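Here's the structure, in C-alpha cells; my notes come after.
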Amino acid sequence: MPFLRIRATVDERPGRLASLAAALAARGGNILGLSVQPDTSGTVDEFVAEVPATAADVAAAIEAAGGRGVHVVSAAANELADETTRALLLALRLRAQPWRLPDLLAELLRADSARWSYGDPVSDLPDPHRLVVPVASKRSISLRRAGLPFTLTEAARAAAFARFAQPPAEPAPAERAVRLADGVEVEVRPLTTAFREAVRDLHDRCTPESRRFRYFTSMPALPDRVFERLCDRDRGESVVACHDGQVVSLANLMYCADPGAAEIALLVEDKWQGRGLGARLARVLVDSARDQGFAEIRATLLSDNVRMRRLMISLGATVAYTEDPGVLEARMAIGGMVPEPRPGDAVTG
C-alpha cells in the first residue's frame, strides 16, 4: 500500500482527532505516524499512513469527518523516522556545517527548495507555501514547499533551528584596544571617511608586494570609489588599527552575493607584519560576522601569499585552489574558528 502524508485542521474540541483516525480506519488505513500542531484557526493534525485508497478519496473522507484545509501528498518510508530523533541528528550536522543551513532547513521541513535572501524577513506571509526564516537583520532563508502549506509550528521550529547555527553573540565595543604578543597596543576603530588621508598614507608606506597581495595589483593609491565602498556599511564592515596617530592596518569584511557568507581581506603595513596584528584583526572581523548572523567566512588570496594562507589556516579555514591556478580560496564556518592562542604561543599574521 502507498504511504500518504495527510494534514487537516480541526476545531479544538474533544474527539476531533478520533474522528479523523476513524475515517482513515474505515478505508483500511494504518496510521504509522502522528503529529499535532497548534494553529490560529484550530489544531493541525498530521498523519503518515498506509491507505489503500486514492489521495482524493482520503481527502474527501477526512473532510467528511470534520477536517478543514485537507492536504494529502505522497510520503516515503524514510519519513517514518521519529521526528525528534531526526531533528536532533540534523542539528548535529548543522553544528558541524553551519554554512549548510538552507539545505538542512529544507530537509527538516521537507521543503522543495531553500535559498538565502536579502531584505527584511516577512512575518505575515500571503503565500502559505513559502516560509521566510530570519537569520539576521538583513539576511533570511526562503523556503518553498508545493505539497503542504507551512504551519506556525514549523515556522517556530525553523527559527529555533536557524538560531542553533549561530554561536552565542558577544557584544563588542565600537573601539577597542588590542595588545599584541610583543606587548605593543593598537587601537581598533571602525573605518569612516575621517580616515581617508590616513589610509592613503598607509598605502604609500606599504610595499608594492603587500598591496598586490591585498588587491591583486600593486595599487599605489586607493581610488576614492573603492574607499567609499569600504566605508559603506550596507556592503560590509571595515576597521583600521591605529598606533601613534597612524593607521598601520586596514581590515575589511565584505558581504558576498551569497547572503550567508562574508569575505575578509587585510592590508598590514610591512613593518607590522609577523607580529600577530593581522590575526587579531581577522578575529575581530569573524566575531562581527558571527554577531551579524553569517554562517561562513571566505577569503580569496594569491597562491604566493604565504602569510595570509597560514593566517587563515591558523584560524581554522580550509584552503583550496580555484579555477585560476594562481588564486586560492579559504573557507571557514563561523563556529569553527580555532580559539585564540595563549600568551607565548606562536602567532601568524
Could you sort 271, 138 by their accessible area in this structure, using a 1.4 Å probe and putting the largest first? 271, 138
Among 179, 331, 309, which one shows the highest mean-square fluctuation when the chain is modelled as a Gaussian network with alpha-carbon springs under 10 Å? 179
Check: C-alpha center the range 222-264 vs C-alpha center the range 1-76, spacing in Å is 55 Å
Keeping all protein chains in the complex and leaving out DNA, RNA and ligands, what accessible area do you get for residue 340 with a 1.4 Å probe, in Å² to the nearest 10? 90 Å²
Long-range amide H partners of residue 39 with built H, under 5 Å: 44
DSSP beta bridges in the chain, what fraction antiparallel, as a percent rounded to 5? 95 percent
Connecting every pair of Cα atoms under 10 Å apart in the chain and solving the GNM, the largest mean-square fluctuation among 279, 194, 241 falls on 194
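Sort 254, 332 by heavy-atom solvent-accessible area, probe 1.4 angstrom, most to least. The partial results should precede the final answer.
Working: 254 40, 332 5 Å².
From most exposed to least exposed: 254, 332.
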Quick one: which residues, 5 or more positions from residue 274 or on another chain, have an amide H under 5 Å from its amide H? H modelled 1.01 Å from N in the peptide plane, none for Pro or chain starts. 349
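By its C-alpha gyration tensor, with a ≥ b ≥ c as the square roots of the eigenvalues, how is the range 270-333 shaped: rounded for a/c under 1.5, else prolate for a/b larger than b/c, else oblate?
On the way: a/c = 2.43, a/b = 1.11, b/c = 2.18.
It comes out oblate by the Cα gyration axes.
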When the chain is modelled as a GNM with alpha-carbon springs shorter than 10 Å, which of 178, 36, 44 fluctuates the most? 36
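What accessible area per residue, rounded to a whole number of Å², is obtained for the chain using a probe radius of 1.4 Å? Show your work: numbers first, answer last.
On the way: 16920 Å² over 349 residues.
Solvent-accessible surface per residue comes out at 48 Å².
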If you rank 84, 9, 300 by how much accessible surface each has, with a 1.4 Å probe, what is the order from largest down? 84, 300, 9
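Carbon-plus-sulfur fraction of the accessible area of the chain, 1.4 Å probe, in percent? Write down the numbers at each step before the final one.
On the way: 8930 of 16920 Å².
For the chain, the apolar C and S fraction of the accessible surface comes to 53 percent.
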Out of the GluC sites (Glu not before Pro) in the range 1-101, which ones are loop residues according to DSSP with at most 15 other C-beta atoms within 10 Å? 12
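The values are calculated or read from the model by the stated rules, or taken from the named source; none is laboratory data. Everything quoted here is computed from the prediction, not taken from an experiment. As a convention, Cβ positions derive from the backbone with ideal geometry for all residues, glycine included, and neighbour counts pool all protein chains shown. Remember, those area values only see protein heavy atoms, side chains included, never the ligands or the DNA or RNA. Shrake-Rupley method; radii C 1.70, N 1.55, O 1.52, S 1.80 Å.
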